[in-house]
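*Asks:* A single structure is presented below for examination.
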Amino acid sequence: MKRIGAATLATAVGVAAVVLATGQPALAADFANLPLSSWAYLDSQSPTSKFVNPQVAPPVGTLVDDANRPHTYRSYFTYDLTQLKGTVVHNSYLYTYEDAVTDCSTAVTIEVWRTAPVKAGTTWNNPPAELEKLISAGRGQGSYYCPGYLGFDMVETLNAALGRNEKSITVEYRITAAQEADPRAGRTFQLPTLSSTSNHPPTVSDPHLESPKRPCGTLTKPSQAAATTMFKATANDPDEGDYATVLYAIWPVDQPDQRREFYSYYGTDLSQYADGQLLAWQARASDYYDAGPWSKTCYVIMDKAPPANPPVVTSKLYPEGNIQGGGAGVTGRFRVAAGEDQDVVAFSWRDSGGNSGSVKARQPGRTAVIEYTPKRAWIETLYVHSVDAAGNRGPEKAYQFWVADTAPSAEVEMGGVGLPSTISLTARKPETTAFGYQVNGGPQIRVPAVDGKATDQFTFTEVGEVAIVVSSYVKNKLIGQDTLRIPVTDSPRVESAEFNFDNEPIAGKTGSFTFKPRNADVVAYEYVLDNEAAQTVAAAADDTAVLPWTATAGWHMLIVWSVKADGSKSMEAYYQFSVLDPVPSAYAPTLEYLTRIDGVGLPVEFYLSSQLPNVTGFAYRFDGGPETVVPSYGASVSITVTPVHTGDNTLIVEALLADGTRSPAKSFTWRPFEAPVITTDPPGGGAAAQPMTLTFRSVLPDTREFRYSLDFGEYQTIAARPDGTATVSFTPQWDGWFSARVTAIAQDGTTSPEREMTVPVRDTRVSVWSQYNEWSPRGGIGVPGDFALSTEWKPEVVEYLYRLNDGPEQVTPIGDSWNTMVRVVPDRNGPNTLTVRGRTADGRLSPVTEYLFQVGTAPQVFSEAYPRDTAGGGVGVEGHFEFSGGTAGITSFEYTIGGVAGTVDADAEGRASITWTPTEATGLHLVVKGRKADGTTTDETGYFIVVKAD
């Protein structure tokens, strides 16, 4: 049992008060620990006293003092709620920890109550009234922690207190009455903390209507509303960082059950309400946490009749039509009249550039003036509407006028910052007498126009984009204005006569770069060439510097800064240029592969190129051999060389120039891959399910054996022949490819690198392609069909064997092209099968390919004089057209030729013919179908006839 002394509690009256928390300014969803304004405890041994803010752990229940007297305690805590005024509490917790417990094994119930405030007359005999039990918490007998934690939710309690407009809340901690006198249940607590997360619900003010602006309206004086109306209200949220949205509600005054809510961003559709109907509306603001109260009720009356006529627009400076007037930047006054519409209160306008605005009429139904400044010289259009008090817009008036080109043209030679820049101005109107220019909103500077031109100098004071407004004047009258936007930099100018894009300097050429300042007081220049370390060159007396340089080949980047006396640097200047390399290049892509594929005895293709002009060819020597010359019709050419030994192999290349000279030589040395070389028979790879051989050839002297793996199988060994070769047989089962890996091993155990080779495997099957397929019937019985046969198993396959359905097998030699065409004549409607195999010269057969296709019932059409899709015959030349096949049982054929219909009977074999003589050289369609005795018809055959012109 843990005993807690009570003497110190009884003597704590008058001790200095504890330090209490203070509130913080409210923020959006403000989290705070509410201020503990005071706390007190009551002691049964002091029935006429209370103990306020003592510096002790708050006691609860009965504790025995050193004199063995029992003291029964209750503790009270009062929290300040003033900072929560006007808020809604969303999260709150009252929590504390037990400081000491007399007997952790004793079962006890702790109660927390909301009570009346602790007052001056509060004593044990006159305790605060217990108003609401907030929690009953059991402790002891199985509690996991002792001393333990006690906490619970206070959201509902705090919001109820705020609803009663209470400025504070007092809570009591005690032991339930039945156990309160038991000394084993006594305990002390830490000061409880009351946390809260609260939010101020936003409110709305100034509900009104926009475009045009009008009040929210009253029941006796409602505002007018159009079929599309813009509702507006101001959301007010005292919480910093909150974003409030405004929700609106509207309903017919006499039908409140038809209330609907909406957001009004770009205008709200009220077209469902009748003209003259009275509506009520409200607004309410909401933030992320809470919705505020609805505003007062406002009223509108529907007015769905817009102004009937477009406004009348006139301007003296900018007359309508093709008469040039005013000028860019010159403000014009446009008088707008309502005409016959007396309810017009405003006019809205927009231009073709997207600018817009509105002006109020002087009086309803009267005029207004739009002041408008064109931004460019050309044809401009103002689109103007009349607007009535409800916001209805009348018909649009498109007022088109021509803005004269009067603004000066201007060019600025930017000198930098703190150095003179020059502006050159040229008049577009001969009557111009002066120019003005204004830099970044500064004072305007006037300069006289001489022969329509003027120049002046001024100084930029800082870097960045600068707006310069330029104006033309006739005496003091502004006739045109424009705005230039100049990027101002203090980065130095970099110049070079030798190294620029106009020249093609060659490596080794000497030249220089000149650095010129764009700011004052330059003492040096710092530069970086091609990411090398920064260097510095001193400036001369005129603030410039010259950097000599001897060219190296390649693309170069020079970055330069000017440095002032105080050590500050300018913005950087970037200067790029290229220098030609006189030495040709020799590049072999296969030598760059991550998995080496080159080797002794394997050809290597090199691409030779030169950056020099007037290259006519290349001369090269390989591995000390004779010189070979190859012509070039450009600056590049490809060659092939074959290394015959291991170790260094060297290719030396020179470019041949038109003047008979040669470039410096390029030397390229490489060491061929020393892994064994693999060759296959057949060359280039195998074929599925066909035996093939792989020959390994070693470059190691005195090779003993090869260690190899095929198709990722287990590694095996094979003895090498005296010539350093070995041959293995392999039959790949599937088309595609397989992997061959091999290493050579010498007599002394030396091993070569491993070569990995992907060996292609060809598909031995025959592929068939045709417009006939198994999904869409085509043609008919007796109508020939073409089929394209192809195979990857070439050149082994020399002929194709094919059979239609159960007919005889036929043979056709393989053609020179990829596809070999065969023609078959179907003998049945519906499903047909073409069976195809390939046969090699030694009699091996490929797997059988079965090509399924559907045959329709369309008849065959033939004409010797007029072949299908081919020019034939001629005007006046009779053509004979034969119809046959398609399906069995045809008794007649129906046809149209050039849109003219006809019918011809079929003979016993289902054949018929017609004659036709063209009267003009043209192309036309012959469409034929057969008809059977039962009245059914076949598919149609289309046959295009082309009549040959003389």
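*Asks:* Rounded to the nearest 0.05, what FRET efficiency is calculated for S205 and E156 with R0 set to 41 Å and r the Cβ-Cβ distance? Don't jump to the answer; show the numbers that get you there.
*Replies:* Details: r = 31 Å, r/R0 = 0.75.
Step by step, r from the Cβ atoms, then E = 0.85.
*Asks:* Oh, and also: ³J(HN,Hα) across segment 246-257 via Karplus (A = 6.51, B = -1.76, C = 1.60, θ = phi - 60°), whole Hz, x for Gly/Pro?
*Replies:* Listing the rounded values in order: 10, 9, 10, 9, 9, 7, x, 4, 8, 9, x, 6 Hz.
*Asks:* Nearest 5 percent is fine: what portion of the DSSP beta bridges confined to the chain is antiparallel?
*Replies:* Values: 285 of 298 bridges.
Of those bridges, close to 95 percent are antiparallel.
*Asks:* Can you flag which of K375/K516; K316/K360; K167/K213 are past 31 Å Cα-Cα?
*Replies:* Working: K375/K516 37 Å; K316/K360 21 Å; K167/K213 42 Å.
Violating the 31 Å limit, Cα to Cα: K375/K516; K167/K213.
*Asks:* Provide the three semi-axes, in whole Å and in decreasing order, of the ellipsoid equivalent to segment 566-647 as defined by the square roots of 5 times the Cα gyration tensor eigenvalues. Please list the in-between numbers first.
*Replies:* Values: eigenvalues 290, 82, 24 Å².
So the equivalent ellipsoid measures 38, 20, 11 Å along its semi-axes.
*Asks:* Right, another one. Can you give the Rg to Rh ratio for segment 475-629, taking only C-alpha atoms and Rh from Kirkwood? Please list the in-between numbers first.
*Replies:* Working: Rg = 24.6 Å, Rh = 20.0 Å.
Reported Rg/Rh (Cα atoms, Kirkwood Rh): 1.23.
*Asks:* On to the next question. Using Cα centres only, tell me the gap between segment 415-492 and segment 922-950 in whole Å.
*Replies:* For segment 415-492 versus segment 922-950, the Cα centre distance is 80 Å.
*Asks:* Turning to a different aspect of this structure: Please list, short to long, the whole-number percent of alpha-carbon pairs of segment 666-756 in consecutive 10 angstrom bins beginning at zero.
*Replies:* 17, 46, 26, 10, 1
*Asks:* While we're looking at this one, here's another question. Return the long-range amide H neighbours of C104 (sequence gap of 5 or more, or a different chain), with a cut-off of under 5 Å between placed amide H atoms.
*Replies:* Those lying under 5 Å, H to H, from C104 are K2.
*Asks:* Where does segment 458-554 land on the Kirkwood hydrodynamic radius, alpha-carbon pairs, in angstrom?
*Replies:* Numbers: mean 1/r = 0.0591 Å⁻¹.
So the Kirkwood estimate lands at 16.9 Å.
*Asks:* Here's something else I'd like to know. What percent do you get for the relative contact order of the chain when only Cα pairs under 8 Å and 6+ apart count?
*Replies:* 5 percent
*Asks:* Suppose we look only past 20 Å in the calculated P(r) of segment 7-199. What percent of the Cα-Cα pairs does that tail hold?
*Replies:* 54 percent
*Asks:* Follow-up question, since we're still on this one. Given q = 0.13 Å⁻¹, what are the Debye log10 I(q)/I(0) values for segment 796-950, with equal point scatterers placed on the Cα positions and solvent ignored?
*Replies:* Once normalised to I(0) and log-transformed, intensities are -0.76.
*Asks:* Once you sort the root eigenvalues of the Cα gyration tensor of segment 177-259 as a ≥ b ≥ c, which label holds: rounded (a/c under 1.5), prolate (a/b larger than b/c) or oblate (the other case)?
*Replies:* Numbers: a/c = 5.71, a/b = 2.94, b/c = 1.95.
Here segment 177-259 falls in the prolate category.
*Asks:* Roughly what percent of Cα-Cα pairs across segment 409-488 reach past 19 Å?
*Replies:* On the way: 958 of 3160 pairs.
When all Cα pairs of segment 409-488 are counted, 30 percent exceed 19 Å.
*Asks:* Sorting check: for 483-496, 453-466, which peptide has the highest mean count of neighbouring beta carbons within 10 Å, and how do the rest follow?
*Replies:* On the way: 483-496: 17.9, 453-466: 14.9.
My ranking of the peptides, most packed first, is 483-496, 453-466.
*Asks:* I've got another one for you. Write down the Kirkwood hydrodynamic radius of segment 126-267, to one decimal in angstroms, obtained as one divided by the mean of 1/r over all alpha carbon pairs. Intermediate results must be reported in sequence, preceding the final value.
*Replies:* Working: mean 1/r = 0.0467 Å⁻¹.
Computed over Cα pairs of segment 126-267, the Kirkwood hydrodynamic radius comes out at 21.4 Å.
*Asks:* May I ask you to evaluate 6.51 cos²θ - 1.76 cosθ + 1.60, the Karplus curve with θ = phi - 60°, for each residue of segment 469-481 and list the ³J(HN,Hα) values in order in whole Hz, giving x for glycine and proline?
*Replies:* 8, 10, 9, 10, 10, 10, 6, 9, 9, 6, 10, x, 8
*Asks:* Compute the separation of the alpha-carbon centres of segment 642-656 and segment 665-723 and state it in Å as a whole number.
*Replies:* Segment 642-656 and segment 665-723 have Cα centres separated by 23 Å.
*Asks:* From the phi angles alone, apply the Karplus equation (6.51, -1.76, 1.60; θ = phi - 60°) to segment 71-85 and give each ³J(HN,Hα) in whole Hz, x where the residue is Gly or Pro.
*Replies:* 10, 9, 10, 9, 10, 10, 10, 10, 10, 7, 9, 4, 6, 8, 4
*Asks:* How many angstrom lie between the Cα centre of segment 566-616 and the Cα centre of segment 279-339?
*Replies:* That distance is 67 Å.
*Asks:* So if I average 1/r over every pair of distinct C-alpha atoms in segment 892-946 and take the inverse, what Kirkwood radius in Å does that give?
*Replies:* Details: mean 1/r = 0.0826 Å⁻¹.
After inverting the mean inverse Cα-Cα distance, the result is 12.1 Å.
*Asks:* Note the per residue figure in Å³ for the convex hull of the C-alpha positions in segment 182-227.
*Replies:* Values: hull volume 10.6 nm³, N = 46.
In segment 182-227, the Cα hull volume divided by residue count equals 230 Å³.
*Asks:* Counting only residues 5 or more places away or on other chains, whose amide H sits under 5 Å from the amide H of G780 once H atoms are built in the peptide plane?
*Replies:* Distant-sequence amide H within range of G780: G856, A858.
*Asks:* Please provide three numbers in whole Å: the alpha-carbon extents of the chain along the principal axes, with the largest listed first.
*Replies:* In descending order, the Cα extents are 128, 104, 98 Å.
The numbers here are math on the coordinates, done by the rules we state, and not lab data. Here the structure is a predicted model, which is why all the values come from computation and not from measurement. Positions of Cβ are backbone-derived with ideal geometry, glycine not excepted, and every protein chain shown enters the neighbour counts.
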